[in-house]
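Report on the following structure.
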Amino acid sequence: MAAGLIGGAALGAGFGELLRVIVEASKTAAMFRDNLEELASMLSPIEPVIKEIQSFNKAFDKEYETEQLVEIVKRGKKLVTKCCKIRRWDIIKKPYYSHKLLGLKKSLERFCQIVMQTHQARDIKEVLFETKEISVGIRKLSLKEGSSNGNGICNQVAVMGPCRVPEPRGKVLGFDEPLKELKVKLLKDGVSVIIVSAPGGSGKTTLVKQLCQDEEVKGKYEDNIFYVSVSKTPNMELILQKLLQAKDYAVPEFQNEEDGLNYLEQKFRQLAIIPILLILDDVWPGYEFLVHNLKFELPDYKILVTSRFAFPRFDDCTYCLNPLNDDNAMTLFRHNAFLQNGKPCIPEDIVNKVMKSCKGLPLALEVVGRSLCGQPVAMWLKQAKQHSKGLSILHSNTDLLAYLQSTLDTLDDEAGIKDCYLDLGSFPEDHQTPATALIDMWVEQYKLDEDCDAFIKLHELSIRNLVNLVVMRKDDASEADSFYNDHFVMQHDLLRELAIYQSSFDPIEKRRRIIVELSRNNFPNWWLEEKQQPLGAHLLSISTDETFSYNWGYIQAPEVEVLVLNFRAKNYVLPVFMEKMDKLKVLIAMNDSIYPAEVSNFQLLYSLSNLKRFRLEKVSVPSFSTSSFQLKNLRKISLVMCNISQAFEKGTNKMSDNFPNLLEIDIDYCDDLTELGEGLCDVVQLMKLSITNCHKLRALPEGIGKLVNLEVLRLTSCTDLMSLPETIGSLSQLTILDISDCLSIKNLPTRISELRNLAKLCMRGCSSCTLPSTITKLQHLKDVICDEETAYQWEFLKSYLTNLKVTVHEQDINLNWLQIFV
């Protein structure tokens, strides 16, 4: 008890002092005046509540309950004091401290909510507790202790505050099409849960609030629309209380959560003569169970959820809210940027440039528009010039930056998810980034065991709506084998800019990742400094266009482990300073032009002794069997849309001598590949060989039988491939063989029966292929994935192959793959 009294006293004194400091600072710290005034307006109503906490100290009979808030108050006072010391010429520090002030505000909101909820649940029978309504996040609760219901189970409690849908703030513009689409989804029969998913600032809550103003929706659900703001730390007991009291039901004090859900279902059944719509706003990962728990078997009962995250279990009923198109974006932007009764005097081209810098994100359009409303033309020109120079609006708008930064607060630093997100800025804007490129980076950079471990991190980012994961061809079988060539990543431009911005806080020599875009002879100042400090970056990304001169100059980057080169050229020159990157593990060179580029100094790769993976896209590749091309630590080669007719020809050296640790080769969309060179067959340690979408490949070399350690052979969509050589029977370690969509293969080789470890055979799109009689000797074969036409042949063999499972592949009609070439 003494600890509670001391904690309450320290809390009251500290809280009052913090409020005083904030009020004073708002008068002097002009740079942070908006943030401080918002904090002051939030805290002023809380002060009487804190005094009540002191007087009812029984509610806090454990020291830790006030201890945390006291600590937050102390840190808050220290932060506000620091903000007062920042002068206007230190404007570069404003985003950092604005973000810190936003974090302080959230900490105070969140803690006070939890304190009130805990106090209510434990001491409802002893304490009459009435708090004033707080502007952000702290709800007005008034609890009255009731009498026993006679069965000894609970008391009756009345709770104030209905679950009415709040009206949208201001005029809703730009959402006509999303409103129509979401309304169709909502009114559709047979759908009980709808998830509205999009990144923060996309207008999800506004969309749902406006939907509830629709006459047809109101006509259907009448007064049976319930709105609950869930947020990051939901309390099921409080949610149940809110829902029950919305119809003036007395709220029992439940023994457990199940009792409360049963009671709510009972009351909803009484209301169900009219359809019921329950809106759960802002649901976070880990709390999907709320949706499941609140699903009741009632006629025409719907749950509408908004979340900045995606929930895979509800994929089929998810509505993804996209950025606004230019017309709708302009409408929203003008509404916020210009006085309604005034005539705009800003040139149309300037307005258009500034609007486009917002990338169609409603929050950005509103915030940037309001910030420029009433400003002189010079301010508009400044904003437009920043956009023309490629500078993000995040550099000039701290409110928007602080909001988007809050999205990153949910990322798990320990799991490395935040680092993976920041790495995404390494690839060009509006570019479909191959998932396999990211997997190569992350496996080596973050020392992951398997490719699937990296894909899990990518999936985690997708769930959080920080990336869009696009699957060009749906193939569960390939994904199960950790083959991700058909997976690509796209990202909202502002989220990419946020990743780059987050990586640029430290001095250039101390940054973990450096992302540079070069054009003509324009280099950043630090690049041209005569006395350069060595860079400490582990990841270096350099993007160049067709105007770049390739006069690279020289930088020192000895710590770089991943080098990403994005370019657009017919002829390319590798940066000469890469030969000094002794720690380089991953090289990714991606050409965005139409035809493969000639690389004049390809021999620079030979000096990268620690290189473990390299990926080349649209590059002409010389022979890998020259005496100078030796990479003793190389484990994986990926060649995509490359000219590789010479790459695997026999040369002065064996490929196995040049690459003694090479385990995997991935060749995709290489149109000049007609025959696979015998040189590749010398790499006897190879474990995975994927040759996919190489439509002109006619034959495999007889020497392929020398690859005795090969475990996976994937030949998907090699449409001109006529047959497999009989020597394939020597691949004694082969467990997976994929010949899907090899349309020209008519017969499997007789010696396929010698693949004693073969466990999976994929042959979708091979309806003309005849099985040899020897196939019955594949006693370890467990999975065959094929078309319906081929399945009947396998059904006859099941009496010989007792462990066999035959899966008939359903054709995935999907034209997403065409986007690879756009």
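The values are calculated or read from the model by the stated rules, or taken from the named source; none is laboratory data. In this text the structure is predicted, and so the values were computed from the model without any measurement. Positions of Cβ are backbone-derived with ideal geometry, glycine not excepted, and every protein chain shown enters the neighbour counts. Areas reflect the complete protein model, heavy atoms only, side chains present, ligands, DNA and RNA absent. Shrake-Rupley method; radii C 1.70, N 1.55, O 1.52, S 1.80 Å.
Summary of computed values
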| read-out | value |
| --- | --- |
| Only listed residue being at positive phi and at pLDDT 80 or above, chosen from G390, G374, G360 | G360 |
| Residue list for the range 356-366, restricted to those being in a helix (DSSP H, G or I) and crowded, with 21+ Cβ neighbours inside 10 Å | P362, A364, L365, E366 |
| Members of the range 234-247 found to be assigned to a loop (DSSP other than H, G, I, E, B), open to solvent by less than 50 Å² (accessible area, probe 1.4 Å) and in contact with a helix residue (DSSP H, G or I) (Cβ under 9 Å, 6 or more places away or on another chain), listed by number | P234, N235 |
| Top-ranked residue in the range 624-649 [being crowded, with 16+ Cβ neighbours inside 10 Å and of a type in the set (K, R); ranked as nearest to S593 (Cα to Cα)] | K636 |
| Complete set of residues in the range 646-694 that are small (G, A, S) and more than 26 Å from S607 (Cα to Cα) | S690 |
| Test set (1) aliphatic (A, V, I, L, M); (2) farther than 13 Å from K105 by Cα; (3) modelled with pLDDT of 60 or more; (4) more than 36 Å from the chain's Cα centre (by Cα) - L19 fails condition number | (2) |
| Number of the condition not met by N571 [criteria: (1) over 32 Å from the mean Cα position of the chain (by Cα); (2) open to solvent by less than 40 Å² (accessible area, probe 1.4 Å); (3) farther than 18 Å from S638 by Cα; (4) modelled with pLDDT of 90 or more] | (2) |
| Single match in Y403, Y421 (criterion: modelled with pLDDT of 80 or more and among the aromatic types (F, W, Y)) | Y421 |
| Near pairs, Cβ below 7 angstrom, 6+ apart or cross-chain, from the range 686-710 (touching a residue at least 24 places away in the same chain (Cβ under 8 Å)) to any residue that is among the polar types (S, T, N, Q) and not in a loop (DSSP other than H, G, I, E, B) | E702/T727; I704/T727; G705/T727; G705/S730; V708/S730 |
| Check on L686, in a loop (DSSP other than H, G, I, E, B) and touching a Lys or Arg at 6+ places or on another chain (Cβ under 8 Å) | no |
| Odd one out for F296, checked against (1) modelled with pLDDT of 90 or more; (2) open to solvent by 40 Å² or more (accessible area, probe 1.4 Å); (3) of a type outside the set (A, V, I, L, M) | (2) |
| Given (1) touching a residue at least 40 places away in the same chain (Cβ under 8 Å); (2) closer than 28 Å to K247 by Cβ; (3) more than 25 Å from the chain's Cα centre (by Cα), index of the condition G190 fails | (1) |
| Check on T735, within 22 Å of S690 (Cβ to Cβ) and either of a type outside the set (A, V, I, L, M, F, W, C) or open to solvent by 20 Å² or more (accessible area, probe 1.4 Å) (or both) | yes |
| Filter result for the condition that a residue is open to solvent by less than 40 Å² (accessible area, probe 1.4 Å) and either out of contact with any Leu (no Cβ under 6 Å at 6 or more places or on another chain) or under 30 Å from V573 (Cβ atoms) (or both), over S462, S541 | S541 |
| Residue ID - modelled with the highest pLDDT, chosen from residues in the range 326-343 that are under 24 Å from F175 (Cα atoms) and not in a helix (DSSP H, G or I) | F338 |
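The rows are residues; the columns are (1) over 30 Å from I463 (Cβ atoms); (2) outside any helix (DSSP H, G or I); (3) modelled with pLDDT under 80.
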residue: V157; (1), (2), (3): yes, yes, yes
residue: G161; (1), (2), (3): yes, yes, yes
residue: K180; (1), (2), (3): no, no, no
residue: G190; (1), (2), (3): no, yes, no
residue: K209; (1), (2), (3): no, no, no
residue: S229; (1), (2), (3): no, yes, no
